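Below is one structure, written out as C-alpha cells, with a few remarks after it.
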Amino acid sequence: MTGPRVVRPRIVVLDDFQRIARDAADWSSLGCDVEFVHDHVADTDALAARLAGAAIVCPMRERTRFPAALLARLPALELVAATGSAKGQAYIDRDAATAAGIAIAVTGSGDDDLPSSTAELTLALMLAVARRITASERALRAGTWQPYVGTRLAGKVLGIVGLGRLGAEVAQLARAFGMRVIAWSPSLTPARAEAAGARAVSRDALFRDADFVSLHVRLTPATTHLVAAREFAAMKRGAFLINTSRGPVVDEQALLAALADGTLAGAGLDVFTHEPLPAAHPLAAFDNVVLTPHIGFVVDDAMRAFYRGDVANIAAWLAGTPRQLINPDAMAVARPRTALGLATAR
C-alpha cells in the first residue's frame, strides 16, 4: 500500500498584464502550483480550458468576468481570491458561486490607503485633454510645431458626479489648480459638499454649468447610462468629460455623437463599455480624446497590496481558517474540497 501523497492545489493568477504578480508577493510560501496568465482570455471556451483543474483563481479586479455559465464549467474551483472590496465584485455571479460551493475572498480595495491614485489620474486626464498634450506630442513627433490652442483649468468649473472618498480627493486637487467645484449625487447634502470643498447643486445644474464633468460613481443599475444624450445636450458647448469610474456609466453611442457634433471639446477616458477596448474602436479616431487602459488603480503600492492580500487569503484558506469571505454560505455546500487544508489523497 502506498502512503498518502500531498495534493498541490493549482492556482491561476489571471490578467497579469504587467508581469508583476510573481514578484509582488511570496507565492512560494503557499506550497502550490501557481500559473501566471499574462494575456486576457476573453473567449469563454478558452477561459474554461485555461482554468480547468484550478482549485483557486486570482482575478485582478474586474478584468475577467465570472458569470454563472463559466462557474458551472469549473467543477474543481473552490476559491476565487478576488482583489478589491466586497462592493466591487459585481463581475462575479455571487449567487451562482455560493450555490456551487465556491467561496469568494476579497483583499479590500487596495487603494484605501492610497486614495490619490485614481484622483491623480483624473487630474492628469483633465490636463491632457484640456492642453491637447497627447495630440501635441503626436504632432511634434511627426514634425508639426505647436498646432493646438489649449484650455487652462484655473477659473473653470469642475462638476463632480459622486462626491465620495474619491470624488472628494479630486475636488481637493482641482481646487489646488484654481478650479471652482460643484457636485451632485442623490444623497449629497450641502454640508458634506462644503466639507469636501465643493458646492452641492442639482443634477441639471451640474451638467449645465460645468466646464469639466468628472464621474466618480459605482456601476449599478441606477448609474448605468447615467450620462446619456440628455446630459450631453444640457452641457456647455466646449465642455469636457472625464470618466475614471466605469465605462457603462456613460452611454457610449451618445458620447460618440457629442464628440462628433462638437458638443464636447474633448474627453479623457480610463474606462470603457467593453474592456479591453477593441482595436479600431471609434473613440480612437478622435484626436481630442485621451484614452488610458483602465489604469486608475494600477500603481505599484496598490498592486503589491492586492497580490499580498491574495496570498494572505489563500494561506488562510489552505490552513482551514478562511478569512475575508463575502459569501461564507458557500462553505456549507457539500462538495469535495481538496485544496482546503492541503488535503491528502491515496
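The values are calculated or read from the model by the stated rules, or taken from the named source; none is laboratory data. Since the model is a prediction, treat every value here as computed from it, not as a measurement. Virtual Cβ from ideal backbone geometry, glycine too; neighbours counted across all protein chains shown.
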Quiz prompt | Evaluation of V57 against (1) free of Cβ contacts under 8 Å to residues at least 60 places away in the same chain; (2) outside any strand (DSSP E or B); (3) in contact with a strand residue (DSSP E or B) (Cβ under 9 Å, 6 or more places away or on another chain) (one fails), failing number | solution = (2)
Quiz item: If we scan the stretch 260-267, do we find a residue that is in the same structural domain as R218 (by TED's automatic domain parsing), on the phi < 0 side of the Ramachandran plot and out of contact with any Phe, Trp or Tyr (no Cβ under 7 Å at 6 or more places or on another chain)?
Solution: yes
Exercise. Using the structure shown, decide if L71 is assigned by TED's automatic domain parsing to the domain that holds P9 and touching an Asp or Glu at 6+ places or on another chain (Cβ under 8 Å).
Key: yes
Exercise. For the stretch 268-287, name all the residues that are farther than 12 Å from G247 by Cβ and either assigned by TED's automatic domain parsing to the domain that holds A42 or among the aromatic types (F, W, Y) (or both).
Key: F286
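Consider L51 carefully, then state whether it is free of Cβ contacts under 8 Å to residues at least 60 places away in the same chain and over 24 Å from T220 (Cβ atoms). Quick ask: steps written out before the conclusion?
Values: free of Cβ contacts under 8 Å to residues at least 60 places away in the same chain: yes; over 24 Å from T220 (Cβ atoms): yes.
In short, yes.
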Quiz item: P75 passes all but one of (1) touching a residue at least 12 places away in the same chain (Cβ under 8 Å); (2) in a loop (DSSP other than H, G, I, E, B); which number fails?
Solution: (1)
Quiz item: With R304, R337 as the choices, which residue is of a type in the set (D, E, K, R), surrounded by fewer than 17 Cβ atoms within 10 Å (Cβ to Cβ) and out of contact with any Ser or Thr (no Cβ under 6 Å at 6 or more places or on another chain)?
Solution: R304
Quiz item: Is it fair to say A42 is among the hydrophobic types (A, V, I, L, M, F, W, C) and either at pLDDT 95 or above or under 29 Å from G167 (Cα atoms) (or both)?
Solution: no
